[in-house]
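Everything on this sheet refers to the single structure shown next.
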Amino acid sequence: TVVPTEAKIHLINMLSESGLPVIEATSFVSPKWVPQMADQVEVMKGISKKPGVSYPVLTPNLKGFQAALNAGASEVAIFGAASELFSKKNINCSVEESLQRFEEVMKAAKEAAVPVRGYVSCVVGCPYEGQVAPKKVAHVAKRLYSMGCYEISLGDTIGVGTPGSMTKMLEAVSKEVPVSALAVHCHDTYGQALANILIALQMGISVVDSSVAGLGGCPYAQGASGNVATEDVVYMLHGLGIETVRNQFF
Amino acid sequence: MGNVPTTVKHCLSYKQIIEDYPWLRSWLQEEKIISDHDYPEFVKIVEVGPRDGLQNEKEIVPTRVKIQLIDMLSTTGLSVIEATSFVSSKWVPQMADHTDVLQGIQRVPHVRYPVLTPNMKGFQDAVAAGATEVAVFGSASETFSRKNINCSIAESMLRFEEVIRTAKDRQIPVRGYVSCALGCPHERHVEPSKVAEVAKKLYEMGCYEISLGDTIGVGTPGSIFKMLQTVMKDVPVNALAVHCHDTYGQALPNILTALQMGVSVVDSAVAGLGGCPYAQGSSGNVSTEDVLYMLQGMGIETGVNLERVIEAGDFICNALDRRSSSKVSQARSRTL
């Protein structure tokens, strides 16, 4: 169901009061492909931006980037894939072609002094290719990082990862990208998200993507869950004595 | 920066070092914290669905359905299946058919079918019905003990001592459970030292294995680590098992933590059967399917066939007219 714009704005405003430092607000993708995000401009302009909180938006290409900037975005994100087939099916081009598209966005973002976050999807499995080589993930992550992304979020898009595959993948990626610039974006489709996040934390990762109420199912396994729930992640982190709200003293 | 030595971090800025000595970058990254956990090569899964699971389901399950579930589970490779409970049917109507269940199932060679025996009467009934392994249930929380079985922890230990002694005479192995190991619905916080005390008592009385239960699922990797560290001072790790509930979604990371500490026995329930009687609508037992998926992904042997467990889960969920609590089962049944 397409969510009304006021509901989206209200949700983001509520999240802004919870202490979260980063809230991904919307996506400047063509409404033809993602009707749910058609109200991108109204959402961006309608939310009450809390000082100290960033509201990154997805920008798949230069057109999206410029529209985002016009709508007041001050941080953007780009989405690469570690799987060729997934890239072709999802955004209609090869991984290399998508990286070249992103270079354009990176250049414009640098000029506008806008930070860019890079996502790599299918890091531990692909709905089409099955297994994904850790080296490939490291390659894409490194490219995005070298292009200028300040952070690389490694996404288990179909939630098939386990502490076994996560370890191997993170070992490979952390050889190419400093662990402080890495984040994990685990899906809970097979119930493995929290275990995978724990492994990532043990390997030095300190940025975790999650979604309030575990919003968002899995388009590749109907009825199955998708994103890991922010509430469950915070419960685990607090139980571990890990702070989730940082006070800036300067 | 996870891979920069602490002393260096305090003396100089990491960025400054890298600027002055660019060659250092790769060296510092080579020193990456490689996950050097020694996981067990084999994990024994103790399937508690037919007992702990069904006991916490609202619908009374017909005897033949229980028998069929256990028979299906017997073909999956599981080596331990908790079959039923010889508790008074007045307290637990779901387990009223304990004798019929135990006598009705097909006992597969190399599979054990422990049953709960809260007292001597239960033990005698169990033996008469053909039980060859039993289990006793202690609590780490006084209030929980009183509210659940109407006596103090010390009194319950006396009761169990009798059962264990008699069981030993008949060469019947006894498994000990400690509930509320990570929190109590009444007392909230439970001291790890109390858990260790009860675990040690059960172990010294003669239980071959102690299953530490997060009865209300409030545990996290932080609290389970502290608890296990304390218990392991008094009970050898190879005699310990974890029985994690998934009420707050923490079961798998808790189990992972336990594995990292050397525990190699995990209790779980097919389809995540059994809600939480203390948090209505919430989930209870961790699902066997999700545990197996994780262990397989880590290259840890279990001897259990995941697909067959999923089938058994589908069967019982159909019979109960409920959705499986297993994420793996949900994902598998709908994948493109």
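Values for this structure:
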read-out	value
The listed residue being in contact (Cβ under 8 Å) with a residue 12 or more places away in the chain and over 17 Å from the mean Cα position of the chain (by Cα), out of A:178, A:127	A:127
Filter result (open to solvent by 20 Å² or more (accessible area, probe 1.4 Å), away from every other protein chain (no Cβ under 14 Å) and either aliphatic (A, V, I, L, M) or within 21 Å of residue B:209 (Cα to Cα) (or both)) within region B:260-287	B:262, B:264
Yes/no for residue B:290 being farther than 14 Å from residue B:78 by Cα and away from every other protein chain (no Cβ under 14 Å)	no
Check on residue B:302, in contact (Cβ under 8 Å) with a residue 40 or more places away in the chain, of a type in the set (Val, Ile, Thr) and closer than 20 Å to residue A:232 by Cα	no
Selection status of residue A:159, modelled with pLDDT under 95, within 17 Å of the chain's Cα centre (by Cα) and within 19 Å of residue B:253 (Cα to Cα)	no
Restricting region A:189-202 to residues that are among the aliphatic types (A, V, I, L, M) and crowded, with 22+ Cβ neighbours inside 10 Å, the residue that is nearest to residue B:294 (Cα to Cα)	A:195
Matching residues, region A:203-228, being crowded, with 20+ Cβ neighbours inside 10 Å, within 7 Å of chain B (Cβ to nearest Cβ) and at pLDDT 95 or above	A:203
Total residues in region A:160-178, condition open to solvent by less than 10 Å² (accessible area, probe 1.4 Å) and in a helix (DSSP H, G or I)	5
Residue satisfying condition, being on the phi < 0 side of the Ramachandran plot and in a helix (DSSP H, G or I), within set A:233, A:184	A:233
Flag for residue A:232 being charged (D, E, K, R), under 18 Å from residue B:290 (Cα atoms), without any contact (Cβ under 8 Å) to a residue 60 or more places away in the chain and at the interface with chain B (Cβ under 9 Å from one of its Cβ atoms)	yes
Every residue from region A:130-159 that is more than 16 Å from residue A:192 (Cβ to Cβ), within 14 Å of another protein chain (Cβ to nearest Cβ) and open to solvent by less than 20 Å² (accessible area, probe 1.4 Å)	A:138, A:141
Residue check for residue B:77: outside any loop (DSSP other than H, G, I, E, B), of a type in the set (Gly, Ala, Ser) and in contact (Cβ under 8 Å) with a residue 24 or more places away in the chain	no
Matching helices (runs of 4 or more DSSP H) fully within region B:235-336 where at least 2 residues are under 17 Å from the mean Cα position of the chain (by Cα) and of a type outside the set (A, V, I, L, M, F, W, C)	B:251-260, B:288-297
Selection within region B:132-152 - open to solvent by less than 10 Å² (accessible area, probe 1.4 Å) and either without any contact (Cβ under 8 Å) to a residue 12 or more places away in the chain or touching a helix residue (DSSP H, G or I) at 6+ places or on another chain (Cβ under 7 Å) (or both)	B:134, B:136, B:138, B:139, B:140, B:145, B:151
Leading residue by the ranking (nearest to the other protein chains (Cβ to nearest Cβ)) among those in region B:222-234 that are touching a residue at least 24 places away in the same chain (Cβ under 8 Å) and surrounded by fewer than 24 Cβ atoms within 10 Å (Cβ to Cβ)	B:223
Region B:166-205 - residue that is under 21 Å from residue B:218 (Cα atoms) and basic (Lys, Arg) and, of those, least open to solvent (accessible area, probe 1.4 Å)	B:194
Hits in region A:15-28 (condition: open to solvent by 30 Å² or more (accessible area, probe 1.4 Å) and either part of a loop (DSSP other than H, G, I, E, B) or within 21 Å of residue A:79 (Cβ to Cβ) (or both))	A:17, A:18, A:19, A:20, A:21, A:22, A:24
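Rundown of residues vs (1) touching a strand residue (DSSP E or B) at 6+ places or on another chain (Cβ under 8 Å); (2) under 17 Å from residue B:199 (Cβ atoms), yes/no style:
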site: B:104; (1), (2): no, no
site: B:108; (1), (2): no, no
site: B:115; (1), (2): yes, no
site: B:130; (1), (2): no, no
site: B:137; (1), (2): yes, yes
site: B:144; (1), (2): yes, yes
site: B:169; (1), (2): no, no
site: B:174; (1), (2): yes, yes
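The values are calculated or read from the model by the stated rules, or taken from the named source; none is laboratory data. Just so we're clear, the structure is a prediction, and the values are computed from it rather than from any experiment. Every residue, glycine among them, receives a Cβ derived from its backbone with ideal geometry; neighbour counts consider all protein chains shown. Please note that ligands, DNA and RNA were not included when accessible areas were found on the heavy atoms of the full protein model with its side chains. Shrake-Rupley method; radii C 1.70, N 1.55, O 1.52, S 1.80 Å.
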